[in-house]
Every structure is written in C-alpha cells, then in structure tokens.
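Working notes for the structure below.
The values are calculated or read from the model by the stated rules, or taken from the named source; none is laboratory data. Note that the structure is predicted; figures quoted are calculated from it, not measured. When we count neighbours, we look across all protein chains shown, and the Cβ atoms used for this are built from the backbone with ideal geometry, even at glycine. Calculation scope for accessible area: heavy atoms of the full protein, side chains included, ligands and nucleic acids excluded. Shrake-Rupley method; radii C 1.70, N 1.55, O 1.52, S 1.80 Å.
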Amino acid sequence: MTEPHWLGIARKYVGTREIVGPQHNTTIMGWLKRLKSWIKDDETPWCGTFVAAVMQEAGLPYPNEYPRAKAWADYGARIRTHLIAPGAILVFARQGGGHVGFYVGEDTDCYHVLGGNQGNAVSTVRIAKARCIATRWPKGQPVNGKPVWLKANGQRSENEA
C-alpha cells in the first residue's frame, strides 16, 4: 500500500507550531501568502489553511473558502468509511465551528487525524468518529489503501485549537 503524495507532504510539517503574540511562524505565514489569504497571523484558526497548503503543494485543487473547515465537506468526492484510506480528508463538527485534517488511521471510537492547529501545531490527534460530518477524497486520484487500525493511544481531542 502506497501512501498518497499529499499525505507525505503533510507529514513533513509535523511539529510546525504557531507563535502566540506579535511574532508569527514563517511557514504558516508562507502558506497564507501562497494561498492569497486575507488572514494575517498564525493565531486565526488554520486547520483549513494547512490542508489547502498541502493540497496546493501536491498540485491538487482546494475549495475557495478553504479557511472554513466545513467548506471541505463538499470537496472532491465522498469516500465511504468502510473504504477509507490514509490521506482521506475528514471534516468534523466542534463547538463554535469545524475542523479538518487527514485520516492516518482509526481505533474503535476515534479517527487518528494528521492536521494543523491541533494543539496549535501540526500533529496527529484522536477525534471521536461521532463528530465526523464528511469523509472526502480528491477527485481523479486513485484510492490506494484501506482502513488502518491503530491502538487507542493518547487522549481524545475534544476541541482542536
């Protein structure tokens, strides 16, 4: 099973963190500039920006309203959860908005999600499956994989930020 190229791109940014205060992370600011965003800091929720930056770097399209996590719910094509594979884009509901990231695996109760603005960084967290409102795949890209079952290590994220 070969990982999709966009997931490899996303993995190289693990550990990228926002900087609280007047300074801002140059990588995150570079994504915002490259995407021609109206956002001017790294403290505005940036999970959608991270996914868009990865997709752009991979040469794939992204929604016009990419900063809004829930805008990703209509992206590409739906992938059924029993056919889900690493690299799928998962959209979650959360209090005050939404969250978006990439599927890397799952356990009984949670998806393991590689995303931006998770603990103010690019990281992998566990998010309850019950919160998932959309499972998407880039149109025209082959699904090369299947669900990945992982141990339920670590706390479950309740409100990504």
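Give the shape of segment 24-161 as rounded, prolate or oblate, defined through the alpha-carbon gyration tensor: a ≥ b ≥ c are the square roots of its eigenvalues, a/c under 1.5 means rounded, and otherwise the shape is prolate if a/b is larger than b/c and oblate if not.
Note, shape of segment 24-161 comes out oblate.
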Amide H partners (placed H, <5 Å) of residue 110, local residues excluded: 129
Radius 9 Å from Cβ of residue 98, net charge of other residues (Lys, Arg +1; Asp, Glu -1): +3
All lysines inside 19 Å of residue 146 as judged from Cα atoms, apart from same-chain residues fewer than 8 positions distant: 129
Extreme residue, positive dipole direction of segment 38-161, given options 55, 132, 115 (C-beta unit charges): 132
For segment 67-79, Karplus couplings with θ = phi - 60° (6.51, -1.76, 1.60), whole Hz, Gly/Pro x: x, 7, 3, 6, 5, 6, 5, 10, 5, x, 10, 5, 10
Prolate/oblate/rounded call for segment 31-99, Cα gyration tensor, a/c under 1.5 rounded: oblate
Within the accessible area of segment 28-89 (1.4 Å probe), percent carbon and sulfur: 52 percent
Full-stretch length increase - residue 155, residue 83 - with 0.36 nm per residue and alpha-carbon distance subtracted: 23.4 nm
Per-peptide average of other Cβ atoms within 10 Å, ordering 132-141, 35-44 highest first: 132-141, 35-44
